[in-house]
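In what follows, a structure is listed as structure tokens, so that the remarks can point back to it.
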Amino acid sequence: MVGRSWMAAKRKMRKPVDLYCQQEYTAVMPESRSERLQLRVSPLQREILTAAAEAQHQTLTDYVVSHAVKAAKEDLADRRFFGIDDAAWAEFNALLERPAEHKAKLDKLLSQPGPWAK
């Protein structure tokens, strides 16, 4: 059972955040688990994770692994997708729409065969 310690910790953790939601749909069988990952957590962290796993009707291992993999995928996705405000988006589009500049050195480089063509 989650006690007052969880509620106190939750109040301390409140801060504004941007949320990113990604839902993954797969029809493949889950991979067999052969690797071990060991973690050290505080009693409060263990209590929170156990309560959350129970609320989702999952084992602690299934809960932690699924959420860790989801967070890792989002971290990796953040390296490919960037959010910008309206002014930056307008500036970005203006740069894309401007006429291309002729680069003589680039023409020379691209006219030569690549090292793999030999």
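Which value, in debye to the nearest 20, gives the size of the charge dipole of region 40-98 about its Cα centre, when Lys and Arg are +1 and Asp and Glu are -1 at the Cβ?
320
Principal axis lengths of region 40-98 from Cα atoms, whole Å, largest first?
Here the Cα extents, ordered largest to smallest, are 57, 22, 18 Å.
Read-outs: derived from the displayed coordinates by stated rules, not from any lab. Being a predicted model, the structure only gives us computed values, none of them experimental. Counting neighbours? That spans all protein chains shown, and the Cβs are built from the backbone with ideal geometry, glycine included.
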